[in-house]
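Working notes for the structure below.
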Amino acid sequence: MNYQQTVQYLYSQLPLFTRVGASAYKANLDNTIELCKRLGNPQHKFKSVHVGGTNGKGSTSHMLAAILQTAGYKTGLYTSPHLKDFRERVRINGEMISEQEVIDFVAEHKVDFDEISPSFFEMTVALAFDFFAREKVDIAIIEVGLGGRLDSTNIITPLLSVITNIGWDHMNILGDSLQLIAAEKAGIIKPNIPVIIGEYQPEVASIFIEKAKQENSPISFASDLEAEVSLKSKVLSPKSKISQINEFIDIKVIRPSKPSDLRLGALDLRLDLTGTYQVKNLKTVISAVDELRSQGFKISDDDLKSALSQVKTLTGLHGRWEVLNEHPLTICDTGHNPEGIQEVLQNIASVPHNKLHFVIGVVNDKDISKILAVLPSTAAYYFCKPDIPRGLEAESLKLKAESFGLHGEAYPSVKAALLSAQQNAGENDLVFVGGSTFVVAEVI
């Protein structure tokens, strides 16, 4: 098989979450353990950092990878899902795995796939671990796919576990309360391995504290760090200041000085990821870097500053408060659960504009009531279906949205919805594209 045939085999033959939803999620680690056993257990041949959580784990993973590779470490990065190219999931120093590597791996292990019947995700995790081991990376940042306790990535023994936050997502799999979801996420906490929690959330903090105590794992909350934030904006339209967006976020992080460690007070940073929610993620990243330093990693403050100013360039990260077009101003974001959408709405509110044109599509197995309940009724909506089997039909989304006082038209495709929104937008209007990672994938 060539590369396209290989990827098509993976999409069509292996249970794929984007296609069939919850039935592709295996509620145990058996397949991953067996597949990696046949590969010689590559997950034990490189150092790693494990990153989970509801929102921000992708951005956090990319920032950490950018910092480590800038510091001179050969750095693997495993994330999901991809936006345009399957190979985005597996990178070393920002470079995607080659097409030939994917072809060879599938060809060599197709018999194993037939015998074990792994899911698409289980196979991809094995591919990443095998690739990182063979390429002898110094360290790999491994992002949890879904949940934590039973996620395929949870066969690693990392140097550090990171959990960004807890929110409402995948309740049909992880549980219908924040406490149940938190318990699943806490499943990546390992015996004697430090864990950093990005946000202190009173309703779930005790779950992480208790789990860390059971595992004898040192625990800290990154939100304890103080930060002073200023936004560096640029004006896109010479005629008006309406189309004004953030170009960088400047952040001064106040780290407590302790004689016993390497933390040295205030740190001035510039971040090229301009969604204001990235401030929370950055605190998590700084806490993780401080922990890695204490374990012997040589990461200077200059490395931090250089890496964070060019995360997108170094790692290929897309879809986080990303400007797609300047006239009319068009922005997309992959936030797709209630907490993620709330963060998006705060960013929308920070951009001066007359009218909001909201291109939105969602998947059909998600309770979207909490999302629709917070969306502004004053916006014009352009309902569409992401081009995946799990996509919710645009007319169905329109009907559901109307019950929440949200009005607009249904369109036959994401492309058609975006085109209409941009044609209808005035010079000082804002077009936003989101609701699902898969909608964003189609417009990037």
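Based on the alpha-carbon gyration tensor of the range 360-444 and its eigenvalue square roots a ≥ b ≥ c, which shape applies: rounded if a/c is under 1.5, prolate if not and a/b is larger than b/c, or oblate?
Oblate, because a/c is 1.5 or more while a/b does not exceed b/c.
First check a/c for the range 85-232, with a ≥ b ≥ c the square roots of the eigenvalues of its C-alpha gyration tensor; if it is under 1.5, answer rounded, and if not, answer prolate when a/b is larger than b/c or oblate otherwise.
prolate
Round to a whole angstrom and tell me the spacing of the C-alpha centers of the range 101-136 and the range 279-296.
Answer, in whole Å: 31.
Quick check for me: using +1 on Lys/Arg Cβ and -1 on Asp/Glu Cβ, what's the dipole size of the range 296-433 about its Cα centre, in debye to the nearest 20?
Its charge dipole is roughly 180 debye.
The range 278-387: Rg/Rh from Cα coordinates, Kirkwood Rh?
Ratio value, two decimals: 1.06.
To make sure I understand the rule: partners must be aspartates and glutamates, Cα under 16 Å from the Cα of Lys136, and not fewer than 8 residues away in the same chain. Which ones qualify?
The reachable aspartates and glutamates, counting only those whose Cα sits under 16 Å from Lys136, are Glu95, Glu101.
For the range 157-166, what does the Karplus curve 6.51 cos²θ - 1.76 cosθ + 1.60, with θ = phi - 60°, yield as ³J(HN,Hα) per residue in whole Hz, taken in order and with x for Gly and Pro?
10, x, 6, 7, 10, 10, 10, 5, 5, 10
Given H placed on each backbone N at 1.01 Å, which residues far from Lys47 in sequence or on other chains put an amide H within less than 5 Å of it?
Those lying under 5 Å, H to H, from Lys47 are Ala140.
Of all beta bridges DSSP finds with both residues in the range 31-171, what is the antiparallel percent, to the nearest 5?
Restricted to the range 31-171, the bridges split so that about 30 percent are antiparallel.
Going through the cross-link list Lys45/Lys280; Lys37/Lys298; Lys57/Lys252; Lys252/Lys298, which pairs have a Cα-Cα distance over 27 Å in this structure?
Listed pairs above 27 Å: Lys45/Lys280; Lys37/Lys298.
With runs of 4+ DSSP H residues as the only contributors, calculate the mean residue ellipticity of the chain at 222 nm using -39,500 (n - 2.57) per run, divided by the residue total and rounded to the nearest 500.
Mean residue ellipticity at 222 nm (helix-derived): -11000 deg cm²/dmol.
Candidates (1) 22.0; (2) 20.4; (3) 24.3; which is the computed mean projected area of the Cα convex hull in nm²?
Evaluating mean projected area of the Cα convex hull in nm² on these atoms matches (2).
How high is the relative contact order of the range 357-397? Use alpha-carbon pairs under 8 Å, at least six apart in sequence, and give a whole percent.
RCO, the range 357-397: 54 percent.
Provide the per residue accessible area, probe 1.4 Å, for the chain, rounded to a whole number of square angstrom.
Using a 1.4 Å probe on heavy atoms only, each residue of the chain averages 40 Å².
If you place +1 on the Cβ of every Lys and Arg, -1 on the Cβ of every Asp and Glu, and leave all else neutral, what size is the dipole of the chain about its Cα centre, to the nearest 20 Debye?
Roughly 560 debye for the chain.
Give me the percent of accessible area attributable to carbon and sulfur for the chain, probe 1.4 angstrom.
That share works out to 48 percent.
Please name which of Phe132, Leu375, Ser177 has its Cα lying farthest along the dipole of the chain towards the positive end, using unit charges on Cβ (Lys, Arg +1; Asp, Glu -1) and the Cα centre as origin.
Phe132
The values are calculated or read from the model by the stated rules, or taken from the named source; none is laboratory data. All of these numbers come straight from a predicted model, not from anything done at the bench. As a convention, Cβ positions derive from the backbone with ideal geometry for all residues, glycine included, and neighbour counts pool all protein chains shown. Each accessible area value is taken on the protein alone, full model and side chains, heavy atoms only, with ligands, DNA and RNA left out. Shrake-Rupley method; radii C 1.70, N 1.55, O 1.52, S 1.80 Å.
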